[in-house]
1. On the basis of being touching a His at 6+ places or on another chain (Cβ under 8 Å), part of a loop (DSSP other than H, G, I, E, B) and either farther than 28 Å from THR31 by Cα or within 16 Å of ligand 2 (Cβ to nearest atom) (or both), does PRO322 make the cut?
2. Is it the case, given these coordinates, that TYR295 is aromatic (Phe, Trp, Tyr), within 16 Å of ligand 1 (Cβ to nearest atom), open to solvent by less than 50 Å² (accessible area, probe 1.4 Å) and under 30 Å from GLU418 (Cβ atoms)?
3. Considering every residue within region 423-442, establish whether at least one is among the basic types (Lys, Arg), in a helix (DSSP H, G or I) and open to solvent by less than 40 Å² (accessible area, probe 1.4 Å).
4. Scan region 292-301 for residues that are within 16 Å of ligand 2 (Cβ to nearest atom) and part of a loop (DSSP other than H, G, I, E, B) and jot them down.
5. Scan MET231, MET247 and give me the residue that is in a strand (DSSP E or B) and not hydroxyl-bearing (Ser, Thr, Tyr).
6. How many residues are in a loop (DSSP other than H, G, I, E, B) and either within 26 Å of the chain's Cα centre (by Cα) or buried (at least 20 other Cβ atoms within 10 Å of the Cβ) (or both) when one looks only at region 338-360?
7. Check GLY101, GLY106 and return the single one that is within 30 Å of LEU354 (Cα to Cα), over 26 Å from the mean Cα position of the chain (by Cα) and not aliphatic (A, V, I, L, M).
8. Can you go through ILE281, ILE308, ILE277 and tell me which one is in contact with a strand residue (DSSP E or B) (Cβ under 8 Å, 6 or more places away or on another chain) and open to solvent by less than 10 Å² (accessible area, probe 1.4 Å)?
Amino acid sequence: MSKYTKEDIIRMLDENDVKFIRLQFTDIFGTPKNVAITDRQIRRALENECMFDGSSIEGFVRIEESDMYLHPDLDTFMLYPWHTEHGHIARLICNVCLPGGVEFPGDPRYILRKTLREAADMGYTFNVGPECEFFLFNMDDNGYPTTTTFDRAGYFDLGPGDVGEQARREICMNLEEMGFEIETSHHECAMAQHEIDFRYAEALTSADNIVTFKMVVKSIASQHGLWATFMPKPIYGQAGSGLHVNMSLFRDGKNSFYDPSKENGLSDVALHFIAGIMKHIKGITALCNPLVNSYKRLVPGYEAPCSIAWTVSNRSSLIRVPAARGNGTRVELRSPDPACNPYLVFAALLAAGLEGIRTRLPAPEAITQNIFDMPQEERVARGIEDLPADLHEALCELKQDEFLCEVLGDHIIDKYVEAKEQEWRRFAEEVTQWEIREYLSKF
Ligand code: GLU
Ligand code: MG
């Protein structure tokens, strides 16, 4: 059942003096896009009559078939907290459709909705709680981002070393005004690195929230003269930014991952779900870690995973089951970074987990030791494989994984892989400062 009707939307626009409405969606990489309309156009928008040129959006369509329609999801109505001289701005997140109302297979939100329908057919609701890390850096005199900071604070520190603290506080207040429930926020390990955690939600809302969250963080940071970046590893030798994904499946109001009669309180469903994700994680990595730079984060020593293993405790693992039990029981995947497209990542994880449940896939043994300290021979002997080492390897894995290709569909797979392979080639051809330092004088 929908939360809002069309009449509710019109009433809320009126009550809140809204003059502009952003009709939002994302491209296949999760980059937010919008068509802005004035309040006079709202009826047309609510009748799904607003069109845009899809050929201008990366990964969408060719120029010959470029008319696309925006179908607003009424439940995503939200007011931006910024009041302009022309009143408030509101947003509606839209599903992208082809003429005739057919859902567009290149819309990442559609891929997630399709997978959520499969979960619903099995009786499950998929909940996701993200933990998003990011950096707040100085800008140069021209307003361009740098990787410099005056911040000298560390994990959980308080100001004055934490120059981002005020910006972070304001980000939290703005998000709360927009209806987010902020659970915690803190300074992370690296200089200028922060984390803000908001409450879990059903996966579609959670993915919408991540896109909104990143936009708000960037806007408020810039009001403080800071540049917010979700680049996974901006500084060599410092921790990178993760987007840990906490997942649970609910059925009839109960957490299906919890079974007090089983070892560690984990149900068979939880173990099969973990097994399904582990089976497909190499291909999923191309989605969770979509940039050349993503793989500079997935190295030992920075609490980001490198190997495919699960555990009930230690943070060196790819998958961790945090201590909470009962309805709080969840599976935390630690590899995703905040450059990912959350719609595609959640769809792929859910599909892989459901396949694990359907096929009753057994989970490998849980690893209790710190994997960063484990010699390679021991990892091999225990069947612990590595995550793909770079974007190229991850893309090869994705292309070979027929199951994932089917979940994402031909359109997304072809466009995503093509664009990312080009990105990889551009990087591979580059002569980097590292090579100059390492080789110029030696050879
Ligand atoms: N920054 C770490 C990462 O790249 C995670 C630190 C933490 O456990 O919160 O995933
Ligand atoms: Mg963290």
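The values are calculated or read from the model by the stated rules, or taken from the named source; none is laboratory data. Bear in mind that the values here come from a model prediction, so they are computed numbers and not experimental data. Cβ atoms come from the backbone with ideal geometry, glycine included; neighbour counts cover every protein chain shown. These area figures cover heavy atoms from the full protein model, side chains too; ligands, DNA and RNA do not enter into them. Shrake-Rupley method; radii C 1.70, N 1.55, O 1.52, S 1.80 Å.
1. In short, no.
2. yes
3. no
4. LEU298, GLY301
5. Checking each option against the conditions leaves just MET247.
6. 4
7. GLY101
8. ILE277
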